[in-house]
Structures are given as structure tokens and as C-alpha cells.
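Novice: I have a structure I would like to understand better, so I am pasting it below and will then ask my questions one at a time.
The values are calculated or read from the model by the stated rules, or taken from the named source; none is laboratory data. All values reported here derive from a predicted model rather than from experimental measurement. Cβ sites come from the backbone with ideal geometry, for glycine too, and all protein chains shown count toward neighbours.
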């Protein structure tokens, strides 16, 4: 789980997942209200990791010959796994380290 670099508090899982849905690289710490940014290494890791469920859905659909409900259930299960693991791949920084 990510820690705020300003106050050192560990962010709750729910807060990290909620910030994931905003599609931005910054979020306010729920404890000290300072803006925190995703580290570039963390952004790259999560970007690569986000393609894995798509590739698994395509591969398993072809291999297992899944129907519509099978694909839907597989996608839902992979989404739950991804959202469960995402906060553990997130690292935060006080400043935006992305090159301009």
C-alpha cells in the first residue's frame, strides 16, 4: 500500500482504488491533504499490468471456447483481481516526476 511522503501515513485500500478511477497521476492525501503524485516507475508498472487482463481474456476465450457469459464472468473476475492488486503496485511522491 502506498505511503504519503509528506506525513508518512499508509493510504487505505479504498482510497487508492477510488483515486484509480480518476485517471490522473495526482491525488490528495486523506490525512494531511497534500497533493501526492504517482512515481513514473509505478505508472509504467500499472500501465503494463493493465493490459494483462485483456490479453488473458482473449487467450482464454480462444483456448476454452467461452460463450458470452463465460467472457463476462472472466472479465469480472480479472477486474476484481486487478483492483485488488493495484494498490500494492502504487508508489507516491511529493512532486510530479514526469518529464515535460
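Novice: Mind checking whether some residue in the stretch 33-56 is without any contact (Cβ under 8 Å) to a residue 40 or more places away in the chain, more than 25 Å from residue 2 (Cα to Cα) and exposed (fewer than 13 other Cβ atoms within 10 Å of the Cβ)?
Specialist: yes
Novice: Restricted to the stretch 1-13, and to residues that are in contact with a strand residue (DSSP E or B) (Cβ under 9 Å, 6 or more places away or on another chain) and modelled with pLDDT of 85 or more, which residue is nearest to residue 86 (Cα to Cα)?
Specialist: 2
Novice: Checking residue 95 against (1) out of contact with any helix residue (DSSP H, G or I) (no Cβ under 9 Å at 6 or more places or on another chain); (2) part of a loop (DSSP other than H, G, I, E, B); (3) surrounded by 15 or more Cβ atoms within 10 Å (Cβ to Cβ), which test does it fail?
Specialist: With (1) out of contact with any helix residue (DSSP H, G or I) (no Cβ under 9 Å at 6 or more places or on another chain); (2) part of a loop (DSSP other than H, G, I, E, B); (3) surrounded by 15 or more Cβ atoms within 10 Å (Cβ to Cβ) applied to residue 95, the lone miss is (3).
Novice: Exactly one of (1) surrounded by 17 or more Cβ atoms within 10 Å (Cβ to Cβ); (2) in contact (Cβ under 8 Å) with a residue 40 or more places away in the chain; (3) in contact with a strand residue (DSSP E or B) (Cβ under 8 Å, 6 or more places away or on another chain) is unmet by residue 16. Its number?
Specialist: (3)
Novice: Give the stretch 19-32 a look and list any residue that's free of Cβ contacts under 8 Å to residues at least 40 places away in the same chain, over 12 Å from residue 94 (Cα atoms) and not in a loop (DSSP other than H, G, I, E, B), or say none.
Specialist: Residue satisfying the conditions is 19 alone.
Novice: Exactly one condition in (1) assigned to a helix (DSSP H, G or I); (2) free of Cβ contacts under 8 Å to residues at least 12 places away in the same chain; (3) over 13 Å from the mean Cα position of the chain (by Cα) is false for residue 75; which is it?
Specialist: It is condition (2) that residue 75 fails.
Novice: Further question: Only residues that are within 23 Å of residue 10 (Cα to Cα) and in contact with a helix residue (DSSP H, G or I) (Cβ under 9 Å, 6 or more places away or on another chain): list them for the stretch 59-87, please.
Specialist: Within the stretch 59-87, 81, 82, 83, 84, 85, 86, 87 qualify.
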